[in-house]
1. Considering (1) more than 30 Å from Arg99 (Cα to Cα); (2) loosely packed, with under 12 Cβ neighbours inside 10 Å; (3) not basic (Lys, Arg), say which one Asn64 fails and leave the rest.
2. Given the criterion more than 18 Å from Leu3 (Cβ to Cβ), buried (at least 16 other Cβ atoms within 10 Å of the Cβ) and at pLDDT 85 or above, identify the matching residue among Gln97, Gln55.
3. Looking at Phe31, Phe10, which one is modelled with pLDDT under 95 and either out of contact with any strand residue (DSSP E or B) (no Cβ under 7 Å at 6 or more places or on another chain) or over 18 Å from Thr73 (Cα atoms) (or both)?
4. Starting from residues that are hydrophobic (A, V, I, L, M, F, W, C) and over 13 Å from Ala88 (Cβ atoms), keep the ones in region 28-64 and report whichever is nearest to the chain's Cα centre (by Cα).
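The values are calculated or read from the model by the stated rules, or taken from the named source; none is laboratory data. The structure presented is a predicted model; accordingly, all values stated were derived computationally and were not measured. When we count neighbours, we look across all protein chains shown, and the Cβ atoms used for this are built from the backbone with ideal geometry, even at glycine.
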Amino acid sequence: MQLQIRSKNFRLHVDDRDTMERRIQFALNRFDGQISSVIVGLEDLNGPREGVDKQCRLVVRMPNCGKITIEETSHNALAAVALAADRAGQVVSRTLQRRRSSRHCRTSIYPMSPEPEPLQSLNIETNVPSGAQEFA
C-alpha cells in the first residue's frame with residue numbers, strides 16, 4: 001500500500017507527518033492486500049484565523065472496488081487525519097464485506113443442463129393377501 005501525505009496552505013511538521021502515517025497504517029493495515037494506494041490531502045481552509053479549519057481528504061484506491069473518499073474537518077490536522085482514518089477503515093471493511101456477500105449470492109455462470117426426461121411409470125405387482133380390500 002502506497003501512502004502519500006500532501007498539505008496545502010500550511011507547513012506540516014515531520015513529527016506530525018510520522019504520527020499521521022502511523023495512524024493511517026493502524027487503521028488500514030489489515031486491508032493491505034486489497035488497497036493499492038492512500039492519498040491524504042490536508043488543507044487549511046481559512047488561513048491563520050482560528051477555528052475548525054483543518055480539512056483532511058483521504059482517498060483510498062482499491063483495484064477491484066474503485067476509490068473511496070473520506071473528508072473530515074477539525075481544529076488541528078492530526079485530529080482530522082485520525083477521524084478520517086477511522087472512517088476509512090469502517091468504509092473499506094463494509095465495502096469488502098458487501099463485495100464478498102454479493103459474490104456468494106450470484107447465480108451460476110455455467111449453463112444449465114437440459115431438463116431430465118420424465119420418469120416412466122413402473123408397473124409393480126403387489127401381493128395382496130386374500131380377504132384384504134383394495135383401496136381406490
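1. (1)
2. Working: Gln97 fails: buried (at least 16 other Cβ atoms within 10 Å of the Cβ).
None of the others qualify; the one that does is Gln55.
3. Answer to the selection: Phe31.
4. Here is the first cut: in region 28-64, the residues hydrophobic (A, V, I, L, M, F, W, C) are 28, 31, 35, 38-40, 42, 45, 52, 56, 58-60, 62.
Checking the rest, the ones that are also over 13 Å from Ala88 (Cβ atoms) come to 42, 45, 52.
Working: Leu42: 24, Leu45: 30, Val52: 30 Å.
Only one residue tops the list, namely Leu42.
Quick grid of which residues meet (1) in a helix (DSSP H, G or I); (2) touching a residue at least 12 places away in the same chain (Cβ under 8 Å):
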position: Val38; (1), (2): no, yes
position: Arg49; (1), (2): no, no
position: Cys56; (1), (2): no, yes
position: Ile68; (1), (2): no, yes
position: Glu71; (1), (2): no, yes
position: Ala80; (1), (2): yes, yes
position: Leu96; (1), (2): yes, yes
position: Arg99; (1), (2): yes, yes
